[in-house]
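Enquirer: Structure below; questions to follow.
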Amino acid sequence: MQVKVQADSGKMDVNQAKQEHLLALKVMRLTKPTLFTNMPVTCEDRDLPGDLFGHLMKEDPSTIKGAETIMLGEMLTLPQNFGNIFLGETFSSYISVHNDSTQIVKDILVKADLQTSSQRLNLSASNSAVSDLNPECCIDDVIHHEVKEIGTHILVCAVSYTTQTGEKLYFRKFFKFQVLKPLDVKTKFYNAETDEVFLEAQIQNITTSPMFMEKVSLEPSIMYNVTELNTVSTGEEGASTFGKMSYLQPMDTRQYLYCLKPKPEFAEKAGVIKGVTVIGKLDIVWKTNLGERGRLQTSQLQRMAPGYGDVRLSLELIPDTVNLEEPFDITCKITNCSERTMDLVLEMCNTSSIHWCGISGRQLGKLNPSSSLYITLKLLSSVQGLQSISGLRLTDTFLKRTYEYDDIAQVCVVCSHMNPES
């Protein structure tokens with residue numbers, strides 16, 4: 001792939017500008033070229049120019065033959081300015097020190113540092129001095145740095161050397177550039193009835209050029225397994241919901257969805273999962289222009305821990321559709337989220353549409369901290385439509401405290417003689 005070298009002006013110290021140096025320092029940014037764009041000019045045949053504009057565009061070597069009115073041409077162009085640098089991209093620069101004098105220069109040491117708002121980084125490939133540099137010869141170096149901070153960056157290039165008379169000289173130049181933010185990332189968390197957590201990540205391209213989204217993944221914390229919900233099952237392999245070529249146009253926003261489920265060794269530890277706020281971090285990789293790659297990793301994403309109280313009741317198994325006035329079973333999971341042992345009693349209260357089958361006030365026995373038990377209950381509905389399951393009560397006989405559970409799930413009730421497909 002062709003690489004373009006572009007010169008950038010530097011700023012020299014005031015004191016050293018008064019002295020003439022034997023060496024010349026040139027710093028250039030390495031960047032890829034861009035595709036040439038031309039502005040097509042057309043007119044109707046009955047206008048005064050006739051087919052003049054069309055004829056000129058066909059003879060223009062920068063246009064695509066047969067598609068002259070398309071702005072994008074076949075040629076590459078070299079940018080005439082420093083260009084933008086975005087967070088997550090790699091900044092590359094070419095440093096050259098040339099001996100402009102007629103004498104041999106000794107002990108040349110070239111040092112390149114990058115100064116940010118928080119730190120100073122040494123980017124020099126070698127910190128050893130060059131013993132001799134003959135006239136019209138040069139010392140070349142290429143530096144690379146993955147930009148990880150937003151804001152002003154200053155590339156400080158310092159050169160020290162010794163003349164033939166033994167005089168030690170020193171000068172440096174400063175090259176300032178700005179690092180911009182390429183993406184705007186927003187996240188939302190949804191806590192499911194079970195211990196599952198759903199993460200929605202909204203990613204917006206805030207640059208002025210399209211991006212190819214190579215990878216957007218979630219690296220979960222140690223307690224969770226993650227499932228990406230950004231594919232559609234088509235045969236053996238899943239196809240991306242964004243198509244084969246995942247381009248994100250400027251100022252466009254895209255939503256990514258992930259499901260996090262506790263690992264088996266942590267799933268039964270209700271007290272541990274209850275307090276987990278750290279979910280993981282997003283890893284985003286993209287390409288721009290002619291394949292320049294950028295990568296961003298967010299900080300650890302944190303959610304607000306759901307408040308389950310001392311006792312948590314969740315539904316593990318429930319049918320989607322049931323028949324009117326016909327009993328059906330549900331499986332409930334009761335978890336002790338407190339730090340003490342409980343002695344629980346289950347009460348079932350009928351509502352206007354939901355009727356429980358069985359004995360209310362049954363003893364469930366003692367439940368240790370962070371332990372769970374599963375019970376199967378039978379009920380029926382006397383009203384058609386989408387009905388909410390409510391009316392469960394748990395009482396801790398030790399503290400005489402009652403916990404109420406309403407609207408814990410919904411079920412669709414249909415008439416038994418109706419065709420479900422209708």
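Enquirer: Just to be sure I follow the definition: excluding the sites themselves, where is the longest run in the chain that has none of the GluC sites (Glu not before Pro) in a DSSP loop with at most 15 other Cβ atoms within 10 Å?
Expert: After excluding every exposed loop site, the longest remaining stretch is 45-135.
Enquirer: State, as an integer percentage, the relative contact order of the chain based on alpha-carbon contacts under 8 Å between residues 6 or more apart.
Expert: 10
Enquirer: Taking each pair of distinct Cα atoms in segment 280-422 once, what is the resulting Kirkwood hydrodynamic radius in Å?
Expert: Taking the inverse mean of 1/r over all distinct Cα pairs, segment 280-422 comes out at 18.3 Å.
Enquirer: Now a separate question. Quote to one decimal, in nm, the extra length available between D283 and S209 on full extension: 0.36 nm per residue of separation minus the C-alpha distance between them.
Expert: Computed gain between D283 and S209 is 24.6 nm.
Enquirer: Quick one: what do you get for the chain if you divide its Cα Rg by 2.2 N^0.38 Å?
Expert: Normalised Cα radius of gyration, the chain: 1.58.
Enquirer: What is the sum of charges around L380, taking Lys and Arg as +1, Asp and Glu as -1, for the other residues whose C-beta is under 14 Å from the C-beta of L380?
Expert: Its environment carries a net charge of -2.
Enquirer: Could you give the nm distance between label points at Y170 and R120, where each point is 7 Å from its Cα heading toward the beta carbon?
Expert: 1.1
Enquirer: How much net charge surrounds I359 when only the other residues with a Cβ under 15 Å from the Cβ of I359 are counted, with Lys and Arg +1 and Asp and Glu -1?
Expert: Around I359, the surrounding residues sum to +2.
Enquirer: Now a separate question. If you take every residue apart from V105 with its C-beta less than 13 Å away from the C-beta of V105, what net charge results, scoring Lys and Arg +1 and Asp and Glu -1?
Expert: -3
Enquirer: Mind jotting down the distance between the C-alpha centroids of segment 288-342 and segment 147-219, whole Å?
Expert: Cα centroid to Cα centroid, the span is 35 Å.
Enquirer: Calculate for the chain the 222 nm mean residue ellipticity that helices alone would give, adding -39,500 (n - 2.57) per DSSP H run of length 4 or more and normalising by residue count, nearest 500 deg cm²/dmol.
Expert: Per the formula, -1000 deg cm²/dmol.
Enquirer: State, to one decimal in nm, how far the label point of L317 lies from the label point of A239, with both points 7 Å from Cα in the Cβ direction.
Expert: 3.7
Enquirer: With a 1.4 Å probe and all protein chains left in place, how much of the accessible area of segment 328-422 comes from carbon and sulfur atoms, in whole percent?
Expert: The computed percentage sits at 48.
Enquirer: Checking the a/c ratio against 1.5 first, then a/b against b/c, what shape does the Cα gyration tensor give for segment 326-403?
Expert: Taking the square roots of the gyration eigenvalues as a ≥ b ≥ c, segment 326-403 is prolate.
The values are calculated or read from the model by the stated rules, or taken from the named source; none is laboratory data. A quick note: this is a predicted structure, and the numbers were derived from the prediction, not measured. Note that we place each Cβ from the backbone using ideal geometry, even for glycine, and neighbour counts take in every protein chain shown. Note: areas computed on protein heavy atoms with side chains; ligands, DNA, RNA excluded. Shrake-Rupley method; radii C 1.70, N 1.55, O 1.52, S 1.80 Å.
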